[in-house]
Amino acid sequence: MAAGLVALDDHGGPRRAITVSLRGEVDHPLLLGRAAEAYRTPTRVPAVDPRFGAPEYVVKQRITPMVNKYSVLAGHDGEHGLVAFVRQKRLKLREEIMFFADESQRRPLFRIKARKVLDLGSRYDVIDEQGGLVGVFGKSFIASLARSTWVVYDPRESVEMLRIQERSQAIAVLRRVWEILPWVGVVPFPLRYHFDVLGAGRVVASYDKITTFRDHYRLTLHEPPPVDVRVLLGVAVAMDALQSR
């Protein structure tokens, strides 16, 4: 079955009719080619996992030997329960961090994978469970000499979407001095440090360290972010697990 569309010329007479079938097929030569193909091809809308729709998340490192593990919880204090169980793979030539639906680790949600073995400015891909690229982020080596800075890119890496940097320059300097003291690694840094997520000239989200001697962080979305929330959760874990890289 087809529906016909008739356009009128400048004198009110009919031009050639354009026929569009219910399957989306167009027979007019001016609409064939790329435009017709776009008309026939449906747009795929990716399903959004509701677990990634919360305005706040808490990331808690678990105390375990030999391997980094984290719990990602929804809510201001994690009161809405587990969103993801995270495990950093060990003995990998390229860093890889896996996010699972629960502690059974049977259902992967997404992962972070480094592109290079060792690189001061290495970038990390955020890859979904089907192998699709969700986003890209990396540490800015030069900017991080003064204060730790991470950059989030779109999947094509054509646009810098967000810049994440330590909120306090003074605490950033103190942290760097602390790391060269003889007792580093024995006594944790005694001050909490936080990060702002900057986009379009304003703070769109923030990472706050909510404990002094434990690695617990809160991600707060102040407005809908321009990137997938999975990327921001990936950065939250990476800033702890890969901070010294």
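Read-outs: derived from the displayed coordinates by stated rules, not from any lab. As the structure is a prediction and not an experimental result, all values here were calculated from the model. Here Cβ is always computed from backbone atoms with ideal geometry, including for glycine, and neighbour counts include all displayed protein chains.
In whole percents, the pair-distance distribution calculated for the stretch 50-241 from its alpha-carbon pairs, binned every 5 Å from zero, is 1, 8, 16, 20, 22, 18, 10, 4, 1, 0.
Sparse packing (at most 13 other Cβ atoms within 10 Å of the Cβ) combined with a DSSP loop state is found for the following chymotrypsin sites (Phe, Trp or Tyr not before Pro) in the stretch 166-213: TRP183, PHE213. Exposure proxy for VAL152, VAL159: other Cβ atoms within 10 Å of each Cβ, ordered fewest to most, give VAL159, VAL152. Name the shape class, rounded, prolate or oblate, that the alpha-carbon gyration tensor gives for the stretch 122-163, where a ≥ b ≥ c are the square roots of its eigenvalues, rounded holds for a/c under 1.5, and otherwise prolate holds if a/b is larger than b/c and oblate otherwise. Here the stretch 122-163 falls in the prolate category. From least to most packed, judged by other beta carbons within 10 angstrom and beginning with the fewest, LYS113, LYS92 follow the order LYS92, LYS113. Distance between the C-alpha centres of the stretch 168-200 and the stretch 69-94: 22 Å, rounded to the whole angstrom.
So, R0 is 35 Å and r is the distance between the beta-carbons of ARG90 and SER168; what FRET efficiency does that work out to, to 0.05?
My answer for the efficiency is 0.60.
Normalised size of the stretch 169-224, defined as Cα radius of gyration per 2.2 N^0.38 Å with N residues, equals 1.36.
Above 19 Å lies some portion of the pair distances; for the stretch 112-204, what is it as a whole percent of all C-alpha pairs?
The answer is 52 percent, as a whole percent.
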